[in-house]
Amino acid sequence: MTTQETRIQTPDLVFPTGFVWGAATSAYQIEGAVSEDGRGRSIWDTFVQQPGRVVNGENADVAIDHYHRYRDDVRMMADLGLGAYRFSVSWPRIQPDGSGAINSKGVDFYSRLVDELLASGVDPWVTLYHWDLPQALEDAGGWPSRETSKRFADYAAAVHDALGDRVRNWSTVNEPWCAAFLGYASGEHAPGRREPAQAVRAAHHLLLAHGLATSAMRAQRADSRIGGSVNLYAISPQTGSEADRDAARRIDGLQNRFFLDALLKGEYPADVLADLAEMTGFVQDGDMEVISAPLDMLLINYYSRFTVSGTPGGAASAAAAPTGTGSPWVGSEDVSFVEGGRPVTAMGWEIDDSGLHELLLRVAREYPRIPLVISENGAAFDDVVGADGVVHDRERLNYIDAHLRTCHAAIEAGVPLEGYFAWSLMDNFEWAWGYGKRFGLVRVDYETQLRIPKESALWYAGTIRRGGLSGPAE
(Lines give C-alpha, C1' and ligand atoms only; values in the text may rest on other atoms or scores of the structure.)
Protein backbone atom coordinates (compact mmCIF):
# COMPACT_ATOMS: atom_id res chain seq x y z
CA MET A 1 0.00 0.00 0.00
CA THR A 2 1.44 3.41 -0.93
CA THR A 3 1.83 6.29 1.48
CA GLN A 4 -0.83 8.24 -0.44
CA GLU A 5 -3.31 5.34 -0.23
CA THR A 6 -2.65 5.09 3.50
CA ARG A 7 -3.41 8.77 3.96
CA ILE A 8 -6.65 8.58 1.97
CA GLN A 9 -7.92 5.93 4.37
CA THR A 10 -6.80 7.80 7.48
CA PRO A 11 -9.78 9.24 9.41
CA ASP A 12 -9.84 12.86 10.53
CA LEU A 13 -7.20 13.53 13.15
CA VAL A 14 -8.26 16.15 15.68
CA PHE A 15 -5.64 17.62 17.99
CA PRO A 16 -6.42 18.34 21.65
CA THR A 17 -8.07 21.60 22.62
CA GLY A 18 -5.38 24.13 23.43
CA PHE A 19 -2.77 22.54 21.17
CA VAL A 20 -0.38 25.31 20.07
CA TRP A 21 -0.07 25.86 16.31
CA GLY A 22 2.89 28.07 15.47
CA ALA A 23 5.85 28.91 13.28
CA ALA A 24 9.38 29.94 14.20
CA THR A 25 12.29 32.16 13.13
CA SER A 26 15.52 33.49 14.64
CA ALA A 27 16.82 37.03 14.95
CA TYR A 28 20.03 36.87 12.93
CA GLN A 29 18.36 35.01 10.09
CA ILE A 30 15.59 37.54 9.50
CA GLU A 31 16.12 40.92 11.15
CA GLY A 32 18.89 42.63 9.18
CA ALA A 33 19.62 46.15 10.48
CA VAL A 34 22.87 44.86 11.96
CA SER A 35 24.27 48.36 12.57
CA GLU A 36 21.09 50.21 13.50
CA ASP A 37 19.79 51.60 16.79
CA GLY A 38 22.83 50.70 18.85
CA ARG A 39 23.08 47.00 18.02
CA GLY A 40 26.52 45.60 18.74
CA ARG A 41 28.55 43.15 16.70
CA SER A 42 27.86 39.41 16.97
CA ILE A 43 30.08 36.44 16.20
CA TRP A 44 28.05 35.91 13.04
CA ASP A 45 28.73 39.45 11.82
CA THR A 46 32.43 38.62 12.11
CA PHE A 47 32.11 35.10 10.68
CA VAL A 48 30.32 36.10 7.46
CA GLN A 49 33.10 38.54 6.59
CA GLN A 50 35.74 35.81 6.56
CA PRO A 51 36.36 34.38 3.07
CA GLY A 52 35.13 30.84 2.53
CA ARG A 53 32.88 30.70 5.58
CA VAL A 54 29.51 31.20 3.85
CA VAL A 55 28.37 30.05 0.43
CA ASN A 56 28.82 32.86 -2.12
CA GLY A 57 30.19 35.11 0.60
CA GLU A 58 26.65 36.09 1.60
CA ASN A 59 25.72 37.81 4.85
CA ALA A 60 22.69 38.81 6.91
CA ASP A 61 23.27 42.56 6.99
CA VAL A 62 19.80 42.97 5.46
CA ALA A 63 18.48 39.39 5.58
CA ILE A 64 14.72 39.74 5.02
CA ASP A 65 14.52 43.15 6.71
CA HIS A 66 12.14 42.00 9.43
CA TYR A 67 13.44 44.77 11.69
CA HIS A 68 11.65 47.31 9.48
CA ARG A 69 8.85 45.08 8.16
CA TYR A 70 7.74 43.36 11.36
CA ARG A 71 4.26 44.92 11.35
CA ASP A 72 3.52 43.54 7.89
CA ASP A 73 5.00 40.19 8.90
CA VAL A 74 2.77 40.02 11.97
CA ARG A 75 -0.28 40.81 9.84
CA MET A 76 0.70 37.91 7.60
CA MET A 77 0.97 35.62 10.64
CA ALA A 78 -2.52 36.64 11.72
CA ASP A 79 -3.87 36.07 8.19
CA LEU A 80 -2.44 32.54 8.32
CA GLY A 81 -4.14 31.94 11.65
CA LEU A 82 -0.97 31.24 13.63
CA GLY A 83 -1.72 30.79 17.29
CA ALA A 84 1.89 31.44 18.31
CA TYR A 85 5.12 32.82 16.93
CA ARG A 86 8.49 31.69 18.25
CA PHE A 87 11.24 34.24 17.67
CA SER A 88 14.62 34.94 19.20
CA VAL A 89 16.00 38.09 20.75
CA SER A 90 19.35 39.35 19.49
CA TRP A 91 21.70 39.54 22.47
CA PRO A 92 23.92 42.25 20.87
CA ARG A 93 20.80 44.32 20.20
CA ILE A 94 20.06 44.33 23.94
CA GLN A 95 23.64 44.49 25.25
CA PRO A 96 25.99 45.61 22.46
CA ASP A 97 29.06 44.31 24.30
CA GLY A 98 27.36 41.36 26.01
CA SER A 99 27.28 42.95 29.46
CA GLY A 100 26.61 46.20 31.22
CA ALA A 101 24.17 48.85 30.10
CA ILE A 102 20.96 47.88 28.32
CA ASN A 103 20.33 49.36 24.88
CA SER A 104 16.86 50.87 25.24
CA LYS A 105 16.27 51.03 21.48
CA GLY A 106 16.87 47.30 21.22
CA VAL A 107 14.44 46.57 24.04
CA ASP A 108 11.90 48.91 22.44
CA PHE A 109 11.97 46.94 19.18
CA TYR A 110 11.05 43.67 20.87
CA SER A 111 8.49 45.41 23.05
CA ARG A 112 6.79 46.78 19.93
CA LEU A 113 6.95 43.35 18.28
CA VAL A 114 5.34 41.68 21.31
CA ASP A 115 2.59 44.31 21.44
CA GLU A 116 1.93 43.88 17.71
CA LEU A 117 1.67 40.12 18.09
CA LEU A 118 -0.69 40.32 21.03
CA ALA A 119 -2.89 42.86 19.26
CA SER A 120 -3.11 40.45 16.32
CA GLY A 121 -4.02 37.44 18.47
CA VAL A 122 -0.65 35.72 18.07
CA ASP A 123 1.03 34.48 21.27
CA PRO A 124 4.73 35.46 21.47
CA TRP A 125 7.20 32.70 22.42
CA VAL A 126 10.64 34.15 23.13
CA THR A 127 13.95 32.36 22.63
CA LEU A 128 16.78 34.16 24.38
CA TYR A 129 19.74 32.73 22.46
CA HIS A 130 19.85 31.54 18.87
CA TRP A 131 23.61 31.62 18.29
CA ASP A 132 24.35 35.36 17.96
CA LEU A 133 26.86 35.75 20.80
CA PRO A 134 28.15 39.33 21.19
CA GLN A 135 31.61 39.48 19.64
CA ALA A 136 33.02 41.14 22.74
CA LEU A 137 32.22 38.02 24.78
CA GLU A 138 33.84 35.77 22.17
CA ASP A 139 36.93 37.98 22.34
CA ALA A 140 36.94 37.31 26.09
CA GLY A 141 36.83 33.54 25.57
CA GLY A 142 33.35 32.77 24.23
CA TRP A 143 31.31 29.81 25.41
CA PRO A 144 34.37 27.82 26.56
CA SER A 145 34.66 30.51 29.26
CA ARG A 146 32.50 30.00 32.35
CA GLU A 147 32.07 33.76 32.62
CA THR A 148 29.91 33.78 29.47
CA SER A 149 27.28 31.71 31.29
CA LYS A 150 27.04 34.36 33.99
CA ARG A 151 26.74 37.16 31.45
CA PHE A 152 23.93 35.25 29.74
CA ALA A 153 21.98 35.04 32.98
CA ASP A 154 22.24 38.82 33.37
CA TYR A 155 21.05 39.33 29.79
CA ALA A 156 18.17 36.87 30.23
CA ALA A 157 17.03 38.66 33.36
CA ALA A 158 17.08 42.01 31.55
CA VAL A 159 14.93 40.75 28.66
CA HIS A 160 12.58 38.90 30.99
CA ASP A 161 12.19 42.01 33.13
CA ALA A 162 11.25 44.05 30.06
CA LEU A 163 8.88 41.57 28.40
CA GLY A 164 7.78 39.17 31.12
CA ASP A 165 4.60 41.12 31.85
CA ARG A 166 3.34 40.19 28.35
CA VAL A 167 5.30 37.06 27.36
CA ARG A 168 4.54 33.84 29.19
CA ASN A 169 6.51 31.24 27.23
CA TRP A 170 10.31 31.34 27.22
CA SER A 171 13.13 29.24 25.80
CA THR A 172 16.66 29.84 27.02
CA VAL A 173 19.32 28.41 24.67
CA ASN A 174 18.37 27.05 21.26
CA GLU A 175 20.15 23.87 20.23
CA PRO A 176 23.23 23.99 22.48
CA TRP A 177 24.68 21.06 20.49
CA CYS A 178 24.95 23.28 17.40
CA ALA A 179 26.29 26.29 19.26
CA ALA A 180 28.99 24.18 20.91
CA PHE A 181 30.03 21.58 18.38
CA LEU A 182 29.43 23.41 15.08
CA GLY A 183 30.85 26.60 16.53
CA TYR A 184 33.89 25.27 18.39
CA ALA A 185 34.67 21.79 17.00
CA SER A 186 33.84 21.64 13.29
CA GLY A 187 34.02 25.38 12.65
CA GLU A 188 31.00 25.25 10.33
CA HIS A 189 29.23 27.92 12.41
CA ALA A 190 30.46 31.06 14.12
CA PRO A 191 32.90 31.63 15.69
CA GLY A 192 34.47 29.02 13.40
CA ARG A 193 36.91 27.48 15.87
CA ARG A 194 38.19 23.90 15.59
CA GLU A 195 39.10 23.11 19.17
CA PRO A 196 37.37 19.87 20.23
CA ALA A 197 38.19 20.10 23.93
CA GLN A 198 36.93 23.68 24.04
CA ALA A 199 33.72 22.58 22.29
CA VAL A 200 32.95 20.18 25.14
CA ARG A 201 33.51 22.97 27.65
CA ALA A 202 31.25 25.20 25.56
CA ALA A 203 28.48 22.59 25.65
CA HIS A 204 28.63 22.50 29.45
CA HIS A 205 28.66 26.27 29.77
CA LEU A 206 25.70 26.62 27.40
CA LEU A 207 23.76 24.26 29.66
CA LEU A 208 24.98 26.14 32.72
CA ALA A 209 23.83 29.39 31.09
CA HIS A 210 20.41 27.82 30.63
CA GLY A 211 20.25 26.89 34.32
CA LEU A 212 21.50 30.24 35.60
CA ALA A 213 19.06 32.11 33.35
CA THR A 214 16.17 29.90 34.46
CA SER A 215 16.90 30.70 38.11
CA ALA A 216 17.23 34.41 37.43
CA MET A 217 13.95 34.54 35.51
CA ARG A 218 12.07 32.53 38.13
CA ALA A 219 13.23 34.98 40.78
CA GLN A 220 11.52 37.74 38.82
CA ARG A 221 8.21 36.08 37.92
CA ALA A 222 6.82 32.75 39.05
CA ASP A 223 4.18 32.61 36.30
CA SER A 224 6.57 32.43 33.32
CA ARG A 225 6.78 29.06 31.56
CA ILE A 226 10.45 28.29 30.91
CA GLY A 227 11.98 25.54 28.82
CA GLY A 228 15.20 24.42 27.21
CA SER A 229 15.44 23.65 23.49
CA VAL A 230 17.36 20.64 22.15
CA ASN A 231 17.81 19.28 18.64
CA LEU A 232 17.31 15.52 18.73
CA TYR A 233 17.93 12.89 16.07
CA ALA A 234 16.78 9.33 15.76
CA ILE A 235 19.98 7.25 15.48
CA SER A 236 20.24 3.90 13.70
CA PRO A 237 23.25 1.59 13.25
CA GLN A 238 23.82 0.64 9.63
CA THR A 239 24.03 -3.04 10.59
CA GLY A 240 23.77 -5.12 13.73
CA SER A 241 27.54 -5.41 14.03
CA GLU A 242 29.16 -4.50 17.33
CA ALA A 243 31.10 -1.67 15.65
CA ASP A 244 27.95 -0.13 14.16
CA ARG A 245 25.97 -0.47 17.37
CA ASP A 246 28.75 1.23 19.31
CA ALA A 247 28.86 4.01 16.73
CA ALA A 248 25.13 4.55 17.26
CA ARG A 249 25.65 4.61 21.03
CA ARG A 250 28.39 7.22 20.69
CA ILE A 251 26.46 9.57 18.39
CA ASP A 252 23.25 9.19 20.38
CA GLY A 253 25.26 9.99 23.50
CA LEU A 254 26.79 13.20 22.18
CA GLN A 255 23.75 14.38 20.21
CA ASN A 256 20.86 13.41 22.47
CA ARG A 257 21.67 11.98 25.90
CA PHE A 258 24.39 14.50 26.84
CA PHE A 259 21.75 17.23 26.85
CA LEU A 260 18.63 15.31 27.89
CA ASP A 261 20.32 13.66 30.86
CA ALA A 262 21.81 16.94 32.05
CA LEU A 263 18.54 18.87 31.78
CA LEU A 264 16.14 16.21 33.05
CA LYS A 265 18.27 13.95 35.27
CA GLY A 266 20.97 16.31 36.54
CA GLU A 267 23.88 14.22 35.28
CA TYR A 268 25.92 13.49 32.19
CA PRO A 269 25.80 9.91 30.83
CA ALA A 270 28.69 7.88 32.23
CA ASP A 271 29.51 6.34 28.84
CA VAL A 272 29.69 9.77 27.18
CA LEU A 273 32.02 11.05 29.88
CA ALA A 274 34.16 7.97 29.27
CA ASP A 275 34.20 8.71 25.53
CA LEU A 276 35.32 12.26 26.34
CA ALA A 277 37.63 11.31 29.23
CA GLU A 278 40.55 13.40 28.02
CA MET A 279 38.37 16.50 27.69
CA THR A 280 36.45 16.56 30.97
CA GLY A 281 37.18 18.24 34.30
CA PHE A 282 35.12 21.38 33.69
CA VAL A 283 32.12 20.54 35.91
CA GLN A 284 32.15 22.34 39.24
CA ASP A 285 30.25 21.47 42.41
CA GLY A 286 26.62 22.50 42.11
CA ASP A 287 26.63 22.87 38.31
CA MET A 288 24.36 19.92 37.61
CA GLU A 289 21.81 21.07 40.18
CA VAL A 290 21.70 24.46 38.44
CA ILE A 291 21.41 22.91 34.98
CA SER A 292 18.60 20.53 36.00
CA ALA A 293 16.40 23.12 37.72
CA PRO A 294 12.77 22.04 37.12
CA LEU A 295 11.41 23.04 33.71
CA ASP A 296 7.88 23.81 32.63
CA MET A 297 8.41 22.25 29.22
CA LEU A 298 11.03 20.72 26.95
CA LEU A 299 11.27 22.11 23.44
CA ILE A 300 12.36 19.61 20.79
CA ASN A 301 13.67 20.44 17.32
CA TYR A 302 13.48 17.51 14.93
CA TYR A 303 14.49 17.24 11.27
CA SER A 304 15.96 13.86 10.39
CA ARG A 305 17.48 10.48 11.28
CA PHE A 306 21.15 9.54 11.32
CA THR A 307 22.34 6.14 10.09
CA VAL A 308 25.86 5.49 11.35
CA SER A 309 28.63 2.94 11.06
CA GLY A 310 31.78 2.20 12.99
CA THR A 311 33.20 0.36 9.99
CA PRO A 312 35.16 2.35 7.37
CA GLY A 313 33.60 2.59 3.93
CA GLY A 314 29.97 2.44 2.85
CA ALA A 315 27.83 4.95 0.99
CA ALA A 316 28.49 8.40 2.44
CA SER A 317 25.52 10.47 3.51
CA ALA A 318 24.45 13.25 1.14
CA ALA A 319 24.18 15.64 4.09
CA ALA A 320 27.40 17.60 4.42
CA ALA A 321 28.68 20.99 5.48
CA PRO A 322 28.64 23.63 2.73
CA THR A 323 32.26 24.65 3.30
CA GLY A 324 35.44 22.91 4.38
CA THR A 325 35.13 22.06 8.07
CA GLY A 326 36.31 19.65 10.71
CA SER A 327 34.19 17.05 12.49
CA PRO A 328 31.68 18.10 15.17
CA TRP A 329 31.69 14.59 16.65
CA VAL A 330 34.22 15.07 19.40
CA GLY A 331 35.65 11.72 20.49
CA SER A 332 33.84 9.93 17.65
CA GLU A 333 35.45 11.45 14.58
CA ASP A 334 35.88 7.97 13.08
CA VAL A 335 32.13 7.28 12.92
CA SER A 336 30.71 7.22 9.39
CA PHE A 337 27.36 8.74 8.48
CA VAL A 338 25.80 6.71 5.69
CA GLU A 339 22.77 6.84 3.45
CA GLY A 340 19.74 5.10 4.86
CA GLY A 341 17.94 4.87 1.53
CA ARG A 342 15.24 7.44 2.35
CA PRO A 343 14.17 10.49 0.32
CA VAL A 344 16.13 13.63 1.18
CA THR A 345 15.48 17.37 1.37
CA ALA A 346 17.51 20.03 -0.41
CA MET A 347 19.85 19.94 2.59
CA GLY A 348 20.53 16.25 1.96
CA TRP A 349 18.69 15.40 5.18
CA GLU A 350 16.77 12.14 5.10
CA ILE A 351 13.01 12.42 5.58
CA ASP A 352 11.82 10.11 8.32
CA ASP A 353 8.78 11.10 10.37
CA SER A 354 8.96 7.73 12.17
CA GLY A 355 12.10 9.03 13.85
CA LEU A 356 10.08 11.79 15.48
CA HIS A 357 7.61 9.25 16.83
CA GLU A 358 10.49 7.16 18.15
CA LEU A 359 12.05 10.16 19.92
CA LEU A 360 8.83 11.43 21.47
CA LEU A 361 8.02 8.02 22.90
CA ARG A 362 11.59 7.64 24.13
CA VAL A 363 11.63 10.97 25.97
CA ALA A 364 8.24 10.22 27.52
CA ARG A 365 9.38 6.74 28.57
CA GLU A 366 12.95 7.33 29.76
CA TYR A 367 12.76 10.73 31.43
CA PRO A 368 10.63 12.42 34.10
CA ARG A 369 7.27 13.39 32.66
CA ILE A 370 7.30 16.93 31.28
CA PRO A 371 5.19 18.79 28.70
CA LEU A 372 6.81 18.62 25.25
CA VAL A 373 6.66 21.06 22.35
CA ILE A 374 7.98 20.59 18.82
CA SER A 375 9.72 23.94 18.55
CA GLU A 376 11.20 23.37 15.07
CA ASN A 377 10.28 21.00 12.27
CA GLY A 378 10.50 21.66 8.57
CA ALA A 379 12.38 21.12 5.34
CA ALA A 380 14.26 22.98 2.63
CA PHE A 381 13.28 22.33 -0.97
CA ASP A 382 14.14 24.07 -4.24
CA ASP A 383 10.70 25.58 -4.70
CA VAL A 384 10.01 28.38 -7.19
CA VAL A 385 7.14 30.68 -8.09
CA GLY A 386 4.98 29.00 -10.73
CA ALA A 387 3.48 30.59 -13.84
CA ASP A 388 0.28 31.06 -11.85
CA GLY A 389 2.11 33.10 -9.20
CA VAL A 390 1.86 30.30 -6.64
CA VAL A 391 4.71 28.38 -5.03
CA HIS A 392 3.57 24.75 -5.32
CA ASP A 393 5.79 23.26 -2.62
CA ARG A 394 4.04 19.90 -2.31
CA GLU A 395 7.18 18.25 -0.95
CA ARG A 396 7.22 20.59 2.05
CA LEU A 397 3.47 20.27 2.51
CA ASN A 398 3.76 16.48 2.57
CA TYR A 399 6.73 16.66 4.95
CA ILE A 400 4.80 18.73 7.50
CA ASP A 401 1.64 16.69 7.03
CA ALA A 402 3.51 13.46 7.75
CA HIS A 403 5.22 14.86 10.84
CA LEU A 404 1.97 16.27 12.20
CA ARG A 405 0.36 12.85 11.79
CA THR A 406 3.27 11.45 13.76
CA CYS A 407 2.68 14.06 16.46
CA HIS A 408 -0.98 13.04 16.67
CA ALA A 409 -0.03 9.37 16.95
CA ALA A 410 2.37 10.21 19.78
CA ILE A 411 -0.34 12.11 21.63
CA GLU A 412 -2.65 9.14 21.21
CA ALA A 413 0.10 6.98 22.70
CA GLY A 414 0.17 9.16 25.81
CA VAL A 415 3.01 11.57 25.01
CA PRO A 416 2.34 15.00 26.64
CA LEU A 417 2.89 16.94 23.42
CA GLU A 418 1.37 20.41 23.62
CA GLY A 419 2.38 22.25 20.45
CA TYR A 420 4.06 22.35 17.06
CA PHE A 421 6.11 25.15 15.45
CA ALA A 422 6.93 24.87 11.75
CA TRP A 423 10.43 25.92 10.72
CA SER A 424 10.46 28.37 9.32
CA LEU A 425 7.81 31.00 8.86
CA MET A 426 9.75 32.67 6.03
CA ASP A 427 12.71 31.94 3.79
CA ASN A 428 15.79 33.53 5.32
CA PHE A 429 19.58 33.47 5.77
CA GLU A 430 20.44 29.81 6.32
CA TRP A 431 23.71 30.23 8.22
CA ALA A 432 26.75 28.88 6.33
CA TRP A 433 24.50 28.01 3.39
CA GLY A 434 23.63 31.67 2.80
CA TYR A 435 20.41 32.23 0.89
CA GLY A 436 20.52 29.08 -1.24
CA LYS A 437 18.36 26.90 1.02
CA ARG A 438 14.71 27.82 1.55
CA PHE A 439 12.85 26.46 4.59
CA GLY A 440 10.00 28.96 4.64
CA LEU A 441 6.26 28.48 4.55
CA VAL A 442 6.42 31.92 2.96
CA ARG A 443 8.69 32.65 0.01
CA VAL A 444 10.80 35.79 0.19
CA ASP A 445 12.13 37.51 -2.92
CA TYR A 446 15.48 38.65 -1.55
CA GLU A 447 15.77 41.53 -4.04
CA THR A 448 12.31 43.06 -3.49
CA GLN A 449 11.53 41.55 -0.04
CA LEU A 450 8.12 40.51 -1.39
CA ARG A 451 6.52 37.80 0.75
CA ILE A 452 4.45 35.10 -1.01
CA PRO A 453 2.72 32.45 1.15
CA LYS A 454 3.48 29.07 -0.42
CA GLU A 455 0.97 26.29 -0.93
CA SER A 456 2.25 24.75 2.31
CA ALA A 457 1.43 27.95 4.21
CA LEU A 458 -2.14 27.98 2.92
CA TRP A 459 -2.53 24.29 3.74
CA TYR A 460 -1.12 24.87 7.24
CA ALA A 461 -3.57 27.74 7.74
CA GLY A 462 -6.41 25.37 6.87
CA THR A 463 -5.04 22.74 9.25
CA ILE A 464 -4.97 25.31 12.04
CA ARG A 465 -8.55 26.39 11.30
CA ARG A 466 -9.73 22.77 11.47
CA GLY A 467 -7.63 21.99 14.51
CA GLY A 468 -6.34 18.88 12.83
CA LEU A 469 -5.79 16.88 9.65
CA SER A 470 -8.55 15.81 7.29
CA GLY A 471 -8.03 12.88 4.96
CA PRO A 472 -4.96 13.05 2.69
CA ALA A 473 -2.71 16.08 2.32
CA GLU A 474 -4.74 18.63 0.37
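The values are calculated or read from the model by the stated rules, or taken from the named source; none is laboratory data. No experiment lies behind these values; they were computed from the predicted model shown. Positions of Cβ are generated from backbone atoms using ideal geometry, with glycine treated the same way; all protein chains shown enter the neighbour counts. All accessible areas refer to the heavy atoms of the entire protein, side chains included, with ligands and DNA or RNA removed. Shrake-Rupley method; radii C 1.70, N 1.55, O 1.52, S 1.80 Å.
Miscellaneous remarks
- Quotient of Cα Rg and 2.2 N^0.38 Å for the stretch 54-205, N being how many residues it contains: 1.10
- Solvent exposure of the chain as accessible area per residue, Å², 1.4 Å probe: 36
- Value of relative contact order over the chain, rounded to a whole percent, pairs C-alpha under 8 Å and six or more apart: 19
- Projecting label points 7 angstrom from Cα along Cα→Cβ for D271 and D296 puts them 3.5 nm apart.
- Annotation: F87 carries an accessible surface of approximately 0 Å², with a 1.4 Å probe and no ligand, DNA or RNA atoms counted.
- Note on D154 and S215: their simple-model spin labels are 1.7 nm apart, each label 7 Å out from Cα toward Cβ.
- Contact order relative to length of the stretch 109-259, as percent, for alpha carbon pairs under 8 angstrom and 6 or more apart: 25
- Dipole magnitude for the stretch 352-396: computed about the Cα centre from +1 point charges on Lys and Arg Cβ and -1 point charges on Asp and Glu Cβ, it is near 400 debye.
- Across all directions, the average flat footprint of the convex hull enclosing the Cα atoms of the stretch 161-305 is 9.8 nm².
- When a 1.4 Å probe is rolled over the protein heavy atoms, the share of accessible surface on the stretch 240-354 that falls to carbon and sulfur comes to 50 percent.
- Ordered by 1.4 Å accessible area with all protein chains kept, R305, R71 run largest first as R71, R305.
- Shape class of the stretch 318-459 from the Cα gyration tensor (axes a ≥ b ≥ c, square roots of the eigenvalues): oblate, since a/c reaches 1.5 or more and a/b does not exceed b/c.
- Rounded to the nearest 0.05, the FRET efficiency derived from the C-beta distance between Y446 and R194 at R0 = 35 Å is 0.70.
- Full extension of the chain between D285 and V344 yields a length gain of 16.8 nm, computed as 0.36 nm times the residue separation minus the alpha carbon distance.
- Charging the Cβ of each Asp and Glu at -1 and of each Lys and Arg at +1, and nothing else, the dipole of the chain about its Cα centre rounds to 640 debye.
- At least 30 Å along the helix axis (C-alpha) and Kyte average at least -0.5, DSSP helices within the chain: 196-220
- Apportionment of accessible area to carbon and sulfur, the stretch 369-408, percent (1.4 Å): 55
- Residue order for Y233, Y85 - accessible surface, 1.4 angstrom probe, largest first: Y233, Y85
- Solvent exposure of C178, expressed as accessible area, is near 10 Å², computed with a probe of 1.4 Å over the protein chains only.
- Burial order of peptide ranges 287-297, 245-255, 183-193 (average beta-carbon count within 10 Å, highest first): 183-193, 245-255, 287-297
- L117 accessible area, 1.4 Å probe, all protein chains in place, Å² to nearest 10: 0
- Alpha-carbon Debye profile of the chain, log10 I(q)/I(0) at 0.07 Å⁻¹: -0.33
- Share of carbon and sulfur in the accessible area of the stretch 1-122 stands at 48%, probe radius 1.4 Å.
- Projecting the Cα atoms of V173, I30, M217 onto the charge dipole of the chain (Cβ charges, centred on the Cα centre) puts M217 farthest toward the positive pole.
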